[in-house]
Amino acid sequence: MRFNLVINMERMDPATDMVEVAQHTTEMVQMADEGGVDIAWVAEHHALEMTIAPGPFQLMAHWAAHTKNIRIGTAVAVAPYWHPIKLAGEVAMADVLSGGRIEFGIGKGAYQREFDRMAGGMNQNIGVPMMLEMIPVLKELWKGDYEHNGEYWQFPSATSVPKPLQKPHPPIWVAARDPGTFNASVKEGHHIMTWALTRPFEEVEKYMQQFEDALALAPGIERPRFMTMRAAAIYETEAEKDIHIAAVQHQGRQFENLFRNLEPVINGFPQPADPATLVNQSEYTEENLLANLIFGTPDEAIAKLKRYEALGVDYFCYCASFGVPMAEQKKSLRLFIDKVMPEFQ
């Protein structure tokens, strides 16, 4: 099993310096590069300080200029927010500027709040068929001139400019949760990204079973890669544990607010929701978080990750971004690289 990193620029309050945040994420990726992490992933979100990623390809190019070996990818570019010609060109430009180190991840989008602002109030579930229409369009544009008359996009003959450095194109990853997305993606040889949120390990097993079922429906396809992500925190003292637990609990309240539009977002900061309106916070008890996430000492993290390796996970993605103070993020990643990763290599 190999390792990835997702690290977002994030601010939990207006007092946090934006320049310091930008420098911190770069230093985390440099640490991962030097430590042998395979891929660093960049999100796409809009008008939210908790995930500052309006232009993922800008950040990817910046990271590429400050690293040597680590590959850099989108996790994910949100299909409904893009025109295929523009997205094809952005991916290809990043691939050229990075020296052919781009991994392209695409998804349907997460928050209805963003769709209300970025996609004219479209129901976010329409993002799945839009994503599945867009992927083959991108592949054609990376080849050369192509005309498209689909359900969601129509345009005269055009091509991606520039063309990707990697041939025929950068590896394609699809964020999948439902069996239909697994089946359509695996059939085309695309790699699979999954996130079990704060749910038990059985959720990861469910995604792996859907992946295996999709493989069975696509005989002759070379096995794509399977990645799963979890929030991760490696620490050595009880006080450090409490910092990480409090951070992920706070972010959990923000997530539910955004998914359900419970309270307004003011100047990019989601406002606290009335606890009485929250319905999924039982997942965020300390007991559940310690059981389900990769939280613990190095030895505890190794024991948890051995289950992922035994299940057949190709890439475990270490999620560093859930509102933890920057110094604690660095301490945790350092321990992960020095004490955990060697047990799997």
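The values are calculated or read from the model by the stated rules, or taken from the named source; none is laboratory data. Worth saying up front: this structure is predicted, and the values here are computed from it rather than measured. Cβ: placed from backbone, ideal geometry, glycine included. Neighbour counts: every protein chain shown.
Data for the structure
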{"quantity": "Residue match in region 15-35 (condition: closer than 29 Å to residue 345 by Cα, acidic (Asp, Glu), touching a Leu at 6+ places or on another chain (Cβ under 7 Å) and modelled with pLDDT of 95 or more)", "calculated": "no"}
{"quantity": "Hits in region 115-172 - residues which are in contact with an Asp or Glu (Cβ under 7 Å, 6 or more places away or on another chain) and among the hydroxyl-bearing types (Ser, Thr, Tyr)", "calculated": "146, 152, 157, 159"}
{"quantity": "Subset of region 244-260 [buried (at least 18 other Cβ atoms within 10 Å of the Cβ) and over 16 Å from residue 285 (Cβ atoms)]", "calculated": "254, 257, 258"}
{"quantity": "Residue check for residue 102: surrounded by 21 or more Cβ atoms within 10 Å (Cβ to Cβ) and of a type in the set (A, V, I, L, M, F, W, C)", "calculated": "yes"}
{"quantity": "Only one of 283, 328, 263 that is surrounded by fewer than 18 Cβ atoms within 10 Å (Cβ to Cβ), on the phi < 0 side of the Ramachandran plot and over 23 Å from the mean Cα position of the chain (by Cα)", "calculated": "263"}
{"quantity": "Positions within region 212-229 being over 17 Å from residue 309 (Cβ atoms) and either assigned to a loop (DSSP other than H, G, I, E, B) or modelled with pLDDT under 95 (or both), in sequence order", "calculated": "217, 218, 219, 220, 221, 222, 224"}
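Okay, residues lined up against (1) crowded, with 20+ Cβ neighbours inside 10 Å; (2) under 21 Å from residue 89 (Cα atoms):
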| site | (1), (2) |
| --- | --- |
| 6 | yes, no |
| 27 | no, no |
| 30 | no, no |
| 36 | no, no |
| 58 | no, yes |
| 62 | no, yes |
| 65 | no, yes |
| 68 | no, no |
